[in-house]
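Data first, discussion second: the structure below is written as structure tokens.
The values are calculated or read from the model by the stated rules, or taken from the named source; none is laboratory data. What you see is a predicted model; the values in this text were computed from it and never measured. Note that each Cβ is placed from the backbone with ideal geometry, even for glycine, and that neighbours are counted across all protein chains shown. Ligands, DNA and RNA are stripped out before the accessible areas are found, and what is left, the full protein with its side chains, is counted by its heavy atoms. Shrake-Rupley method; radii C 1.70, N 1.55, O 1.52, S 1.80 Å.
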Amino acid sequence: MGFIALQKIHSRTALDWGFPVTCLPWVRELQDAGTRLIWFTGDEARARETFIARVGIDVQKFDDQLMAIHEARLPSSLQCTRIAVLSEKSVLKEPAAVAQEIFGE
């Protein structure tokens, strides 16, 4: 219910949520309520290196999440827009380019 209330208050609300796969029913509920899903993709090896560089979080958590994502066949099992944001050379896509892909602005 909280997510639906957000949608009614604001016409453009973004939830930046690296959700655990166990929360997939909530994600589907958001989608059923009309929320547009965007999945940010990137080179997994570079993403792992970036995660490790953050320091203080056990990399096993990253590995477990990635395995769960693969087992759930995400993002293929969702009807969502995919945007590649991290290249194999560790280059992040510029925010303006991401916004262009999302909003066409």
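Is it the case that region 41-60 has a residue that's out of contact with any helix residue (DSSP H, G or I) (no Cβ under 8 Å at 6 or more places or on another chain), at positive phi and open to solvent by 90 Å² or more (accessible area, probe 1.4 Å)? Looking through region 41-60, at least one residue is out of contact with any helix residue (DSSP H, G or I) (no Cβ under 8 Å at 6 or more places or on another chain), at positive phi and open to solvent by 90 Å² or more (accessible area, probe 1.4 Å).
Taken together, T50, T41 contain a single residue that is part of a strand (DSSP E or B) and either out of contact with any Asp or Glu (no Cβ under 9 Å at 6 or more places or on another chain) or basic (K, R) (or both), which is T41. For region 88-105, a tally of residues being in contact (Cβ under 8 Å) with a residue 12 or more places away in the chain and open to solvent by 40 Å² or more (accessible area, probe 1.4 Å) returns 4.
For R36, indicate whether it is at pLDDT 90 or above, open to solvent by 40 Å² or more (accessible area, probe 1.4 Å) and more than 19 Å from P20 (Cβ to Cβ). Taking the combined requirement at face value, the residue does not satisfy it. Using the structure shown, decide if Q79 is part of a loop (DSSP other than H, G, I, E, B) and exposed (fewer than 11 other Cβ atoms within 10 Å of the Cβ). Considered against the rule, which asks whether it is part of a loop (DSSP other than H, G, I, E, B) and exposed (fewer than 11 other Cβ atoms within 10 Å of the Cβ), Q79 comes out as yes. Just one of the numbered conditions (1) touching a residue at least 24 places away in the same chain (Cβ under 8 Å); (2) under 25 Å from T22 (Cα atoms); (3) in a helix (DSSP H, G or I) is not true of V85: (3).
If you go through region 2-25 and keep only what is at pLDDT 90 or above, touching a helix residue (DSSP H, G or I) at 6+ places or on another chain (Cβ under 9 Å) and open to solvent by 70 Å² or more (accessible area, probe 1.4 Å), you end up with just T22. Residues of region 96-105 that are more than 12 Å from F40 (Cβ to Cβ) and assigned to a helix (DSSP H, G or I): A96, A97, A99, Q100, F103.
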